[in-house]
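The values are calculated or read from the model by the stated rules, or taken from the named source; none is laboratory data. These numbers were taken from a predicted model, which means no experiment stands behind them. Positions of Cβ are generated from backbone atoms using ideal geometry, with glycine treated the same way; all protein chains shown enter the neighbour counts. Heads up: the accessible areas ignore ligands, DNA and RNA and are worked out on the full protein's heavy atoms, side chains in. Shrake-Rupley method; radii C 1.70, N 1.55, O 1.52, S 1.80 Å.
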Amino acid sequence: MTEQQVLTPRQLAAQVKRLIATPAEWVARVRLDAEGRWYQRVQLTAGYEVWLISWLPGQSTGFHDHGGSAGAFGVVWGSLDECMVPRDRTRALVNKVIAGEVRAFGPGYVHDVRNSAAGTVAVSVHAYSPPLCSMTVYNLTPGGLVAAGTEGADDW
């Protein structure tokens, strides 16, 4: 696999699994931030990127997509709730992702990821291919998800 190759969701999940299995190699980088999720990109190639994220209780991403990128994330410590809204629904479905689990998705996937656990920090690893260049953020309204704006790479 060349570094320029765009990875599939399955390949991204494999990258994430390797990193969550070896936290001793990167755990010293993790920080906590009471103002919002802490995140740091730890790997960048022409074909993909990998981020570490820490989550204090109550911190979340809000509903967002990943532009034209596929992605995967896995929980290292704690647990995260992944909220999704099916296209024909106006209510979010919540799936708990516990330590050791990995989720993968294709381009255009919309979700909200949050630490709903009271008093417990969560740490996760996220990978995207191609590297993120934009994300659309959404509001959940009585009529469903409504695009609220777009963020570019300079925003994160």
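Tabulated data for the structure shown
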{"item": "Rounded percent of accessible protein surface that carbon and sulfur make up, the chain, 1.4 Å probe", "result": "51"}
{"item": "TRP38 - accessible surface, heavy atoms, 1.4 Å probe, Å² rounded to 10", "result": "40"}
{"item": "Ranking by accessible area, most exposed first, for ASP65, ASP154, ASP88 with a 1.4 Å probe", "result": "ASP154, ASP88, ASP65"}
{"item": "Tail beyond 23 Å, pair distance distribution of segment 45-156 (Cα, percent)", "result": "27"}
{"item": "Relative contact order (%) - criterion: Cα under 8 Å, at least six apart; region: segment 14-94", "result": "23"}
{"item": "Low-density loop cleavage sites - trypsin sites (Lys or Arg not before Pro) in segment 1-85, where at most 11 other Cβ are within 10 Å (DSSP)", "result": "ARG31"}
{"item": "Segments 105-117, 126-138 sorted - mean Cβ within 10 Å per residue, highest first", "result": "126-138, 105-117"}
{"item": "Kirkwood Rh, angstrom, segment 1-85 [1 / mean 1/r, Cα pairs]", "result": "14.3"}
{"item": "Value of relative contact order over segment 98-156, rounded to a whole percent, pairs C-alpha under 8 Å and six or more apart", "result": "21"}
{"item": "Sites ARG87 and ALA14, calculated FRET efficiency, Cβ-Cβ separation with R0 35 Å, nearest 0.05", "result": "0.80"}
{"item": "Residues of segment 1-119: accessible area per residue with a 1.4 Å probe, Å²", "result": "53"}
